[in-house]
Ligand SMILES: [Zn+2]
């Protein structure tokens, strides 16, 4: 059983925290969310909404029910109870259909009307910024960008160091291009450890709802899976981006809309758009290291994508292009390995790269990566086969 006590706001110099005690089977854990003092009035202490969202998947995975001392907004709790929890639990035997007990708040909170999106300086983020900064729909134009430290930077002191480097990079971009930046920090990922790939939409929505009285609209940059990749089967094994079609409407209410940005675009479509967005030429960073490492999963994929669309040269400030060109065979071997594993991003790239693969690379890739790709395919099929729960209504 999880009991979420009543959230309170605590000031400390130039920073202010929304903080709450959470009892898990009698053990108390404190979760806080921190922003600059100027955002104090927008922290939502009246409701448990943010904390229920942030802990929902963790609760289902660890088979807990939730009791809240503070109320939950009526639209939000209706949607979570009616649509989200049954949809997740019916499609994965690993997930408990968590029961949430709370008073319902049918009132309306004040709202500053801010329109935002996250700013990681990655491909999805720059696509969202370039598309929404000058939206033809006046009420959809961005007023602020947000950088939230809610788990994507890793845990503990290393996570905090990663966040600090990321913050400096993002602040430099925002200063140069005149964007207002909302910085937030939280310990939620340390106190309730989760697989960020599986739960990033929940923890991001936690940060949005902690400032529920600030944001009116928020564009959540879709990870480029596209609607055709929608799935709820055994969701504990894959990115929550694959079912944002249900998740984001569940977390949207008449007073706070969270939109998926670019859900109908493939990753390559986004790369093409970002390759035309001049601020990205110096600030694109996909791997969280500064400067970019050139070798991690995200760097490899982005370098190959830029190479595939013939736009690599504009990004010489973001990557070590001499290293990429010198080791092109190495990158192409990894490309084929991922392609053979049916990775969607690499399957989409294949038509653009297939004529650039030498016979030597084909042979080396087959010898080094062929058996591994075959093994991964078998493993992935087993994961997706799953044992979904029989829906209670059948
Ligand atoms: Zn990297």
#### Entry: Cα centroid separation - the stretch 282-306 against the stretch 309-333, whole Å
10
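Can you give the FRET efficiency to the nearest 0.05 for residue 40 and residue 101, using r as the Cβ-Cβ distance and R₀ = 41 Å?
Values: r = 30 Å, r/R0 = 0.72.
So, using R0 = 41 Å, E works out to roughly 0.90.
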### Task
Note the angle between two axes, namely the Cα long axis of helix 196-210 and the longest principal axis of the Cα atoms of the chain, as a number of degrees from 0 to 90, rounded to the nearest 10.
40
### Expected 222 nm ellipticity per residue - DSSP helices of 4 or more, -39500 (n - 2.57), all of the chain, to 500
-12500 deg cm²/dmol
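As an exercise, use a Förster radius of 35 Å and the Cβ-Cβ distance of residue 180 and residue 231 to find the FRET efficiency, rounded to the nearest 0.05.
Details: r = 37 Å, r/R0 = 1.04.
Efficiency for this residue pair is about 0.45.
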### Query
If you rank 255, 316 by fewest surrounding Cβ atoms within 10 Å, what's the result?
316, 255
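Under the rule a/c < 1.5 gives rounded, and otherwise a/b versus b/c splits prolate from oblate, where does the stretch 285-383 land using the Cα gyration tensor?
On the way: a/c = 1.94, a/b = 1.49, b/c = 1.30.
In terms of gyration-tensor shape, prolate.
When averaged across all projection directions, what area in nm² does the alpha-carbon convex hull of the chain cover?
Working: hull surface 80.4 nm².
Directional mean of the projected Cα hull area for the chain stands at 20.1 nm².
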## Note on the structure
To the nearest 10 degrees, the tilt of helix 156-177 (Cα long axis) against the first principal axis of the alpha carbons of the chain is 80
#### Entry: Ranked list, fewest to most other Cβ atoms within 10 Å of each Cβ, for 75, 49
75, 49
### Degrees, to the nearest 10: 344-353 long Cα axis against longest axis of the chain
30
### Summary
For the stretch 77-134, the Cα gyration tensor yields equivalent-ellipsoid semi-axes (√(5λ), largest first, whole Å) of 32, 22, 8
### Task
Considering Cα pairs under 8 angstrom that are at least six residues apart, work out the relative contact order of the stretch 285-383 and quote it in whole percent.
24
### Task
Between residue 316 and residue 78, with labels modelled 7 Å along Cα→Cβ, what's the label distance in nm to one decimal, could you check?
5.8
### Query
So what is the relative contact order for the chain, in percent, with contacts set as C-alpha pairs under 8 Å and at least six apart?
17
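With a 10 Å Cβ neighbour count serving as the proxy for reagent exposure, in which order, fewest first, do 179, 324, 51 appear? Don't skip to the answer; put the middle values down first.
On the way: 179 18, 324 21, 51 28.
Result, fewest neighbours first: 179, 324, 51.
For the stretch 2-261, give me the percentage of DSSP beta bridges that are antiparallel, rounded to the nearest 5 percent.
Numbers: 21 of 45 bridges.
Close to 45 percent.
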### Task
On a C-alpha basis, how far is the centre of the stretch 61-110 from the centre of the stretch 154-228 in Å? Whole number, if you could?
23
### Task
Tell me the label-point distance for the pair residue 356, residue 139, using the 7 Å Cα-to-Cβ offset, in nm and rounded to one decimal.
4.4
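Any read-out appearing in this document is the output of simple, stated calculations on the displayed coordinates, not a laboratory observation. No experiment lies behind these values; they were computed from the predicted model shown. Using ideal geometry, Cβ is built from the backbone for each residue, glycine included, and neighbour counts are taken over all protein chains shown.
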